[in-house]
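Everything below concerns the one structure shown next.
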Amino acid sequence: MKKETKYQAPALDKGLDILEYLSSVSIPQSQTEIASGIEKTPNEIYRMLMSLESRGYIVRDEISGKYRLSLKLYHLSHRHSPVDELRRAAQFLLEDLAQSIRQSCHLSILYMNQVMVVLHAKSPEPIALSIEEGNLFPLPLTASGKVLLSYLSEVERIASLENNEIFKGFSKEQQDEFLFSLDRISKQGFYIRNSDLAEGVTDISVPIGTNGSGITACITVSRLTTLNINKGISNDEILTQTLQCAEKIQRKVGI
């Protein structure tokens, strides 16, 4: 039985029921079959079928009279890019973070078993680390990659790492330690360690999202530690502000 809500829109519910039902079946359906599938009578859904057809969401075969989904929903879904939405939500917040901690930071996602930087906020200091947007980095050697891997399911982790040349080059002991470190990151909810790619850099990385919500990205602060500037800002303070930034982004994108 469907959960009752305080505010109901029966016509909208019927339309959504029809779309969801047609998306769940592999062959076109008659009016009677659709009605049976959503537990309505054929007369109850007649007007909704006409409306959905006129708006282009479903198509009726001229010979059989049966209905199927059109490509309209597909086109609508692909006009809305999750990455673009994430970038819009994070841009000013990431820039505020960089200004506050006086360090560069960037937003990354998983892309074809690599880490892709999708947004970068530069430190206001005259000497700063810059990571170009669109760059791809290896999963096992980056803080972002480790954080993103740590929030994948075990099956997804294996799929991401089984063809990774760097991970395959590790010894069995190194592989086991790497996988153990991912579990540790997942439990802690953050990662702080000297960079594996650049000397004099400490990476502080946090996920955007929580366990069970589906991690889409992470924020990483690449702190220059060899310069005599901003020594007063501790890693703990940077971590606190980065976690707060991630929470604000989560609220804006609804994670």
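What follows draws every value from the coordinates through simple rules; no lab data is involved. Computed from a predicted model, the values in this text were never measured in an experiment. Cβ placement follows ideal geometry from the backbone for every residue including glycine, while neighbour counts extend to all protein chains displayed.
Of the residues H106, G15, T240, the one whose Cα sits farthest toward the positive end of the charge dipole of the chain, with +1 on the Cβ of Lys and Arg and -1 on the Cβ of Asp and Glu, is G15.
Does region 10-77 come out rounded, prolate or oblate by the C-alpha gyration tensor, with a ≥ b ≥ c the root eigenvalues, rounded set by a/c under 1.5 and, if not, prolate when a/b is larger than b/c and oblate if not?
It comes out rounded by the Cα gyration axes.
Which entries in K168/K248; K172/K248; K40/K66; K122/K168 show an alpha-carbon gap greater than 28 Å? As for pairs spanning more than 28 Å Cα to Cα, those are K168/K248; K172/K248; K122/K168.
Under a 5 Å amide H cut-off, with hydrogens placed 1.01 Å from N, V118 pairs with L107, S108, I109, G134 among residues at least 5 apart or on other chains.
Of all aspartates and glutamates in the structure, those lying under 16 Å Cα to Cα from K252, and not within fewer than 8 positions of it along the same chain, are D84, E85, E95, D96. Distance between the pseudo-spin-label points of A198 and L16 (7 Å out from Cα toward the beta carbon): 4.6 nm. Taking square-rooted eigenvalues a ≥ b ≥ c of the alpha carbon gyration tensor, is region 73-123 rounded, prolate or oblate, where a/c under 1.5 means rounded and, failing that, a/b exceeding b/c means prolate? It is oblate, given that a/c is not under 1.5 and a/b is not larger than b/c.
For the chain, rounded, prolate or oblate, judged on the Cα gyration tensor with a ≥ b ≥ c (square roots of eigenvalues), a/c < 1.5 rounded, else prolate if a/b > b/c?
Verdict is prolate for the chain.
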